Amino acid sequence: TPNTIRCVTINVGGLTEYKLHHVLAQAQHANWDIITLIDARLSIDDAPAINRATKAEGYNSHVSDVRSTTEKTIRIGGQVMLIAIRLGRARKFTSDPSGLGIISRARLQLGKRKVQIIGTYWPIPSEESTGGLHSHLERWLNSTDGQLEPMEYVQNRISMLVDKHDSQAGNSTIIMGDMNATLDGRATHACLPEFMERCKLRSTHVGPAP
């Protein structure tokens, strides 16, 4: 319908030129509106080349800057948000301060509506790995004066963004990403249903992209 926004999330495990080409080809074919590419592992220096490629296919791109996590300049996490040019230019694209691209946000003016788009990647704890996203986020949190656990940080920050934006009449929020969670609570993060209730969210998930 004219009021429907088709949103798609893909965990790309490191965005390459080859992967971006195939994402854009599918986006054109399926007429996707907003695409969040999770675990893109890019820095802000990659943004100009990404934007040139996406603009040629009808999308503005927004890259969350991921800082190198080792002296070998290995990156982990991060997002690229693609928004169809026909929807207009996003305002105030920002990423959370962790430098890991855990949460990104953009705002769109769609007619009289102000829509906030939040992309998020919920890390999985692993006892075997100290190089995973969860471990890096945990270390960053420990380097600050905060006392939050990784998932407390993620959910509290998203909740704050939703509450602030949606408190104004006519505003709405779309949350998309890889949450490593299911609505029935059987995946790693069983807290998703409770989190959705807390933020007054409802699911519009319709299954994998065709």
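Some points to look at:
- For the pair Met196 and Ala49, a Förster radius of 25 Å applied to the C-beta separation gives a FRET efficiency near 0.10, rounded to the nearest 0.05.
- Where both bridge residues fall in segment 1-102, DSSP classifies roughly 65% of the beta bridges as antiparallel.
- Phi-based couplings in Hz for segment 141-154 (Karplus 6.51, -1.76, 1.60; Gly and Pro marked x): 4, 5, 6, 8, 8, x, 10, 8, 7, x, 6, 5, 4, 4
- Asp65 contributes an accessible area of around 70 Å² to the protein surface, as traced by a 1.4 Å probe with all chains present.
- Equivalent ellipsoid dimensions for segment 36-176 as semi-axes, Å, which come from the Cα gyration tensor, largest first: 27, 21, 10
- Computed over neighbours whose Cβ is under 12 Å from that of Asn171, the net charge equals +3, Lys and Arg +1, Asp and Glu -1.
- Normalising the average separation of contacting C-alpha pairs (under 8 angstrom, six or more residues apart) by the number of residues puts the relative contact order of segment 1-112 at 22 percent.
The values are calculated or read from the model by the stated rules, or taken from the named source; none is laboratory data. Keep in mind that what you see is a predicted model, and the values were worked out from it rather than measured. Don't worry about glycine lacking a Cβ; one is built from the backbone with ideal geometry, like all the others, and counts go over all protein chains shown. Heavy atoms of the whole protein, side chains included, go into the accessibility calculation; ligands, DNA and RNA do not. Shrake-Rupley method; radii C 1.70, N 1.55, O 1.52, S 1.80 Å.
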